[in-house]
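The values are calculated or read from the model by the stated rules, or taken from the named source; none is laboratory data. Small disclaimer: the values here were computed from a predicted structure and weren't measured. Please note: Cβ atoms are built from the backbone with ideal geometry, for glycine as well, and neighbour counts cover all protein chains shown.
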Amino acid sequence: MGIRICTDIGGTFTDLVVVDESGSVNIFKALTTPENRVDGIINGLTIAADFYGKSLQQLMESCEYFGHGTTTSTNALIERKVAKVGLICTTGFRDVLLFREAGKENPFDWYLDYPEPYIPRYLTLPVTERINAEGGIDIPLNEDEVREVIRKFKQYDVEVVAVSLMWSFVNPAHELRIGEIIEEEWPGKTYALSHVVNPRIREYRRTVSTVIDASLKPLITHYVSTFEDRLREIGYRNELSLLTCSGGVTSPQEMIASPIYSLDSGPALAPVSGRFYAKKELSKDHVITCDMGGTSFDVSRVTDGIITISNDNVIQNERLSIPKVDVKTIGAGGGSIAWVDDGGLIRVGPEGAGSVPGPACYMRGGERATVTDANLVLGYLDENYFLGGNMKVSKELAEKAIMKSVAEPLNLSLMDAAYTIYNTANHLMTEAVRDMTVFEGIDPKEYAVVAGGGAVGMHIIPIVSQLGCQEVIVPKTASTLSAFGGVVADVVREFNRSHLTASTGFDYEKVKSVLNKLAADARAFLDTVGVSKENQVFEFAVEARYLFQERELTVPLRSNAIQNVQDLEALIDDFHSKHEFTLGSMEKGQAVEFVVWKVIARGITPEINLQVQSLSSETPNRSSLKATRKAYFREMGGQVDVQVYDGTLLQAGNKIVGPAIIEEPTTNIVVTPGSTVTLSKYENYVIDMKEYFAPADQTASVPVTQ
């Protein structure tokens, strides 16, 4: 096995994971460079090359796989630094981007205007045509109007054209013809067709997905091409793999063709890591993944080994229907700013300090208190060992910021203010996990927790203690969880198409035709990206609902077709069971409507054989004990002296009983009283919470041997 590398660009740090030829995993971090994000990646690769005693060229020449997750498209969407798009729609539907689905966030606010559409109305131009719901042509396409619209778009300096016509996913003939006319009238002009981008029912979601995809095409084309060129310059010779929001990777060509799948691609790979570690360490298929970075806290879920995917996604207030890993995100990262509102209540986030100026302790001009500042003041961080000693931070500046931002306004002591920030952040993150589990009928006690992100080890035990979770894994790669997911991720792409049919009067022939076409497209995709036949896997599913329901549930098909009544009855039974499991009820006699048919193409990535360490004594060697320092534990009355362990010197099998702190170069684990942490044979930290919920001697500590 050659070297496998994956990078993931976050708001504060650019993460890098390297799995070398021996199966050893090493992680590296460099500050994100907002002005040119590729520079941050190259900086991280340079650090990695130095670690291995190689030149950058030598490292990249020995790399067999390079994965990359980028926030470029997400940031562009947030800042609206995207291409100018012109939309061609069906006459009578010019305001679909304005009216959306006719709902309002607050339906009782009579003065609330509709949000501004993603593109202005003057760039949305209609043409005469109409295809009906069965695919028949009621009104032929007026090609002269199409040519006139294109002439107007030229005058408006439109950079990309999007086309979204009524019922085009049933019959794409008119959209395809418009594409041909664009090529005739405007050779070389980039365009996007809705039946290709998002061939699903629900007009607004299909249209806005197409417009967003179109707006990202020039940006992602330039970014991917430039990044590939930089990799070639430093010696990489194989194909680049790009992380997608569907929880997999794809080729540069496919990403350029469908850039919408680059949105939120980083958080989507965290549950891939979570699934890998839970299976490896605990043989668990039920996993909650928590990823706490510098600016946000992300929660995702894996049930029975299957990552939860949603086709109902909101990105920057636009509701899309692309298949995306279901991630609950809140603004509660290490860089989240603590502040006191007008009512005298403390708040944490959603505003973050970012990497520039960053938390006050970064000494880059930040003056507002953050969660990282609180962790430093509470003793959970060592100002001389931040990022393994590679970055200097100031406890004094953290104290000043907390005093000014929180302690003085609330008349609290420094320690009480710092703990209040810490506890508030924990509460917010706990509620985010509840949203993803309890509020969806899931008992978190039945799930293992995999914790990622550089700051998560200082918060995860208080979080899971409120949820009743018994087992927690903090991987050595915790601070680069999404990046590691890119190393072990499969090639994944979902192909779907709406075709409505019900359990009464089921359309066997049309469903067979739809599934066969989707399977052919899925197979062609895996062939195109170079997945060998033996590594190709196809999963079939359908989104279904009871008649008159608005929400669909995804139900796997037991085979790749619905050929007879027995197959249909089995599918109906599976839907009833899924409905009862998810929503707590089912209606056995009610007809079921099948809305969207799916084929998921999966190119299996060869399994990584992690290095296995021989288990040592439960008692750590004296060399692993770095120091004893004061840290704050409310359950022990305040500041107490705790043992601080060097995680790089702990051995597999060593067990740490709280209160204690474990320091890794890129993350710290705060072992609270009553909890126990063991370093596994794969060198990941496994936290046993069973004792936490039972009466225990909170002053217990594991002795240190000579």
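Give the residue that is surrounded by the fewest Cβ atoms within 10 Å (Cβ to Cβ), with candidates limited to residues of region 180-213 that are of a type in the set (Gly, Ala, Ser) and more than 22 Å from the chain's Cα centre (by Cα). Of everything passing the filter in region 180-213, Gly188 is surrounded by the fewest Cβ atoms within 10 Å (Cβ to Cβ).
Screening Val325 on (1) buried (at least 24 other Cβ atoms within 10 Å of the Cβ); (2) in contact with a Gly (Cβ under 8 Å, 6 or more places away or on another chain); (3) modelled with pLDDT of 90 or more; (4) over 21 Å from Thr70 (Cβ atoms) shows it passes everything except condition (4).
Conditions (1) closer than 23 Å to Ala522 by Cα; (2) touching a Leu at 6+ places or on another chain (Cβ under 6 Å); (3) touching a residue at least 12 places away in the same chain (Cβ under 8 Å), marked per residue:
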{"site": "Val555", "(1), (2), (3)": "yes, no, yes"}
{"site": "Leu571", "(1), (2), (3)": "yes, no, yes"}
{"site": "Ser577", "(1), (2), (3)": "no, no, no"}
{"site": "Ser616", "(1), (2), (3)": "no, no, yes"}
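Filter region 445-458 down to the residues that are within 20 Å of the chain's Cα centre (by Cα) and of a type outside the set (A, V, I, L, M, F, W, C), then identify the one that is nearest to Ile662 (Cα to Cα). Top of the filtered list is Gly457. Inside region 308-365, residues that are assigned to a strand (DSSP E or B) and of a type in the set (S, T, N, Q) make up a count of 4. When we screen Ser62, Ser55 for residues that are free of Cβ contacts under 8 Å to residues at least 12 places away in the same chain and of a type in the set (Gly, Ala, Ser), the only hit is Ser55.
In this structure, does Val433 turn out to be modelled with pLDDT under 95, part of a helix (DSSP H, G or I) and touching a Pro at 6+ places or on another chain (Cβ under 7 Å)? Judged against the criteria, Val433 is a match. Here Leu77 meets the list (1) under 24 Å from Asp490 (Cβ atoms); (2) not in a loop (DSSP other than H, G, I, E, B); (3) not aromatic (Phe, Trp, Tyr) almost entirely, failing just condition (1).
Selection of region 307-319 for residues being surrounded by fewer than 14 Cβ atoms within 10 Å (Cβ to Cβ) and closer than 20 Å to Lys284 by Cβ yields an empty set. Out of Arg523, Arg545, Arg622, one residue alone is modelled with pLDDT of 95 or more and either over 21 Å from Ile201 (Cβ atoms) or of a type in the set (Phe, Trp, Tyr) (or both). It is Arg523. Taking first residues from region 90-107 that are modelled with pLDDT under 85 and partners that are assigned to a loop (DSSP other than H, G, I, E, B), the Cβ contacts under 7 Å between residues at least 6 apart in sequence or on separate chains come to Phe99/Tyr114; Lys104/Leu112; Asn106/Leu112. Highlighted here are the strands (runs of 3 or more DSSP E) found entirely within region 548-641 that include at least 2 residues which are charged (D, E, K, R), out of contact with any Cys (no Cβ under 9 Å at 6 or more places or on another chain) and farther than 30 Å from Asn375 by Cα: 592-603. Among the residues of region 592-611, none qualifies, meaning not one is more than 30 Å from Phe506 (Cα to Cα), touching a helix residue (DSSP H, G or I) at 6+ places or on another chain (Cβ under 8 Å) and of a type in the set (Phe, Trp, Tyr). Any residue at all in region 138-151 that is crowded, with 16+ Cβ neighbours inside 10 Å, under 36 Å from the mean Cα position of the chain (by Cα) and under 18 Å from Phe93 (Cβ atoms)? Checking region 138-151: not a single residue is crowded, with 16+ Cβ neighbours inside 10 Å, under 36 Å from the mean Cα position of the chain (by Cα) and under 18 Å from Phe93 (Cβ atoms). Right, Ala30: over 21 Å from Val249 (Cα atoms), out of contact with any strand residue (DSSP E or B) (no Cβ under 7 Å at 6 or more places or on another chain) and among the aliphatic types (A, V, I, L, M) or not? Taking the combined requirement at face value, the residue does not satisfy it.
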